[in-house]
1. For segment 127-141, check the following and say yes or no: at least one residue is hydrophobic (A, V, I, L, M, F, W, C), at positive phi, within 13 Å of the ligand (Cβ to nearest atom) and part of a loop (DSSP other than H, G, I, E, B).
2. Considering each of 277, 348, 249 in turn, give the residue that is within 15 Å of the ligand (Cβ to nearest atom) and at pLDDT 95 or above.
3. With the condition being modelled with pLDDT of 95 or more and among the β-branched types (Val, Ile, Thr), I'd like the strands (runs of 3 or more DSSP E) fully within segment 36-112 carrying at least 3 qualifying residues.
4. Taking the criterion of being away from the ligand (no atom under 15 Å from the Cβ), farther than 21 Å from residue 284 by Cβ and modelled with pLDDT of 95 or more, would at least one residue in segment 237-246 satisfy it?
5. Consider segment 302-344. How many of its residues are in a loop (DSSP other than H, G, I, E, B) and in contact with a strand residue (DSSP E or B) (Cβ under 9 Å, 6 or more places away or on another chain)?
6. Can you name every residue in segment 287-297 that is surrounded by fewer than 24 Cβ atoms within 10 Å (Cβ to Cβ), more than 10 Å from the ligand (Cβ to nearest atom) and either free of Cβ contacts under 8 Å to residues at least 12 places away in the same chain or assigned to a helix (DSSP H, G or I) (or both)?
7. Among 305, 341, 329, which is more than 12 Å from the ligand (Cβ to nearest atom) and crowded, with 24+ Cβ neighbours inside 10 Å?
8. Return yes or no: is residue 259 at pLDDT 95 or above, in contact with a strand residue (DSSP E or B) (Cβ under 6 Å, 6 or more places away or on another chain), closer than 30 Å to residue 105 by Cα and not charged (D, E, K, R)?
Amino acid sequence: MSVLNKTGMPLLRLFDAETAHGLAITALKSGLIGASPALPGGPLEVEAFGLTFPNPVGLAAGFDKDAEVPDAILGLGFGFAEVGTITPLAQAGNPRPRMFRLTEDRAVINRLGFNNQGHQAALKRLQARPRSGIVGVNIGANKDSVDKIADYELGVKTFANFASYLTVNVSSPNTPGLRGLQDRGALEELLERVGDARKEAEACPPLLLKIAPDLDDEALQDIAEVVLKAGIDGVIVSNTTIARPPLSAPDKDEQGGLSGAPLFSLSTKILAKFHRATAGKVPLIGVGGIESGSAAWEKLRAGASLVQIYSGMVYEGPRLAQQIGHHLSQQLERSGFDTLSDVTGTGAKEWAEA
Ligand SMILES: Cc1cc2nc3c(=O)[nH]c(=O)nc-3n(C[C@H](O)[C@H](O)[C@H](O)COP(=O)(O)O)c2cc1C
């Protein structure tokens, strides 16, 4: 059933962005948005950080913050779902309104501030779900936490047994001080401590780092070196931006992180630069402004092994993952490449210098 595709999407847009998001989660929970036919496996399969992804299109963090609907998401044709960001303690986040649709710009601004139900609520749900499909867990720190790194250590210990991979998110702009953990010294300490926490855990899921798009060349180089030295398994590029490219929607001056179409070129350029800075040695997930199959293809060319989407779904609906998957398999056939992995990085120089 495609209720949300045909009539539901315009209907959802009658509500403010956060209410619409809550309704979408409820619809997914109740089965109102039915599963999509599976995408053809084989050519779309990607191997990255020891996992085999049925297709490279994932749901980005922030949509299913509390791990309420990962299996319904996988049923929509996503190759993987990332839940979170989850912090140790439940927290309310910033006052509403704090999420804005910039329809004219096909963008979103949010300053949610890690509103979530905390580790234990998400853990219970993850423990109860069938252990099939790739579900990553994105972990963060509470706003009032004195030792933020300790929050990440606890996240690793709590979710290691129930996550296909773990993402250390140090790039949300809405928690004061969080992005400072991307600075060389702080990042070295963070990655060492979360690496040790993973060693102590029973299971050893891949560890990913999610970075901001608002980094200059020197900061990118620093992160690349630290990531390589720490043996981090993958990097997600990127989170939302605090920059403001030209926008025209009425809410364009709202504070927070900008995502969607206006983020595409900035995040793709940073992705390509990071691919080059790590000499293609670290698998990357490209995220930011993907709203079509051709945009996803460009992310692969720029250096991504996998991609994720969020804001694109706000405008294109819940079948976007499937549409992207179909496009990628057609494009792969036309391109003469054998696998999607062969496409990764083929346009990195072009994008990095764009
Ligand atoms: C409403 C909203 C909430 C988000 N919350 C999170 C979050 O909790 N953790 C995180 O790592 N990223 C979060 N993000 C960022 C997305 O995961 C993604 O990196 C970013 O939106 C760029 O992708 P897009 O242009 O496809 O939306 C959020 C994005 C939006 C729009």
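The values are calculated or read from the model by the stated rules, or taken from the named source; none is laboratory data. Just so it is clear, the structure is predicted and the values come from calculations on it, not from any experiment. In this analysis, Cβ positions are derived from the backbone assuming ideal geometry, glycine residues included, and neighbour counts consider all displayed protein chains.
1. First, the residues of segment 127-141 that are hydrophobic (A, V, I, L, M, F, W, C): 128, 134-135, 137, 139, 141.
Keeping just the survivors that are at positive phi gives none.
Within segment 127-141, none of the residues are hydrophobic (A, V, I, L, M, F, W, C), at positive phi, within 13 Å of the ligand (Cβ to nearest atom) and part of a loop (DSSP other than H, G, I, E, B).
2. Details: 277 fails: within 15 Å of the ligand (Cβ to nearest atom); 348 fails: within 15 Å of the ligand (Cβ to nearest atom).
Of the residues listed, the single one that is within 15 Å of the ligand (Cβ to nearest atom) and at pLDDT 95 or above is 249.
3. Qualifying strands (runs of 3 or more DSSP E): 80-86.
4. Going through segment 237-246, the residues away from the ligand (no atom under 15 Å from the Cβ) turn out to be 246.
Okay, now just the ones that are also farther than 21 Å from residue 284 by Cβ, so 246.
Subset that is modelled with pLDDT of 95 or more: 246.
Yes, segment 237-246 contains a residue that is away from the ligand (no atom under 15 Å from the Cβ), farther than 21 Å from residue 284 by Cβ and modelled with pLDDT of 95 or more.
5. In the first step, residues of segment 302-344 are kept if they are in a loop (DSSP other than H, G, I, E, B); the result is 303-305, 310, 317-319, 336-339, 344.
After this cut, where a residue has to be in contact with a strand residue (DSSP E or B) (Cβ under 9 Å, 6 or more places away or on another chain) as well, the list is 303-305, 310, 317-319, 339, 344.
Total meeting the criteria: 9.
6. Within segment 287-297, 293, 294, 297 qualify.
7. On the way: 341 fails: crowded, with 24+ Cβ neighbours inside 10 Å; 329 fails: crowded, with 24+ Cβ neighbours inside 10 Å.
None of the other options fit; the residue is 305.
8. yes
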